[in-house]
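The structure under discussion appears below in the form of structure tokens.
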């Protein structure tokens with residue numbers, strides 16, 4: 001399972017969870033810290049990531065885009 005940590009979470013989570021989720025990454029590491037939610041959503045979908053966030057906007061995207 002690959003996790004993509006949203007900008008509202010610490011980039012340090014990638015290192016802390018490396019043993020469990022070694023392919024995970026933070027949007028900051030992708031130079032996407034200024035990207036909007038839809039761009040991050042598309043990146044995650046295209047690259048088989050699960051988005052980890054505290055933002056409820058992704059729930060709306062899930063409803064609208066599946």
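Of note:
- For the chain, calculated [θ]222 nm from helices alone, where every DSSP H run of n ≥ 4 adds -39500 (n - 2.57): -9500 deg cm²/dmol
- Seen against the Cα atoms of the chain and their longest principal axis, helix 37-46 is set at about 70 degrees.
- Two-site FRET efficiency, residue 39 against residue 19, from Cβ-Cβ distance with R₀ of 25 Å, rounded to 0.05: 0.30
- Cα-based Rg of segment 3-65 normalised by 2.2 N^0.38 Å, two decimals: 1.05
- GNM top mover of 55, 19, 37 - the chain, alpha-carbon springs below 10 Å: 19
A short reminder: the numbers here are calculations on the coordinates, not readings from a lab. All values reported here derive from a predicted model rather than from experimental measurement. Please note: Cβ atoms are built from the backbone with ideal geometry, for glycine as well, and neighbour counts cover all protein chains shown.
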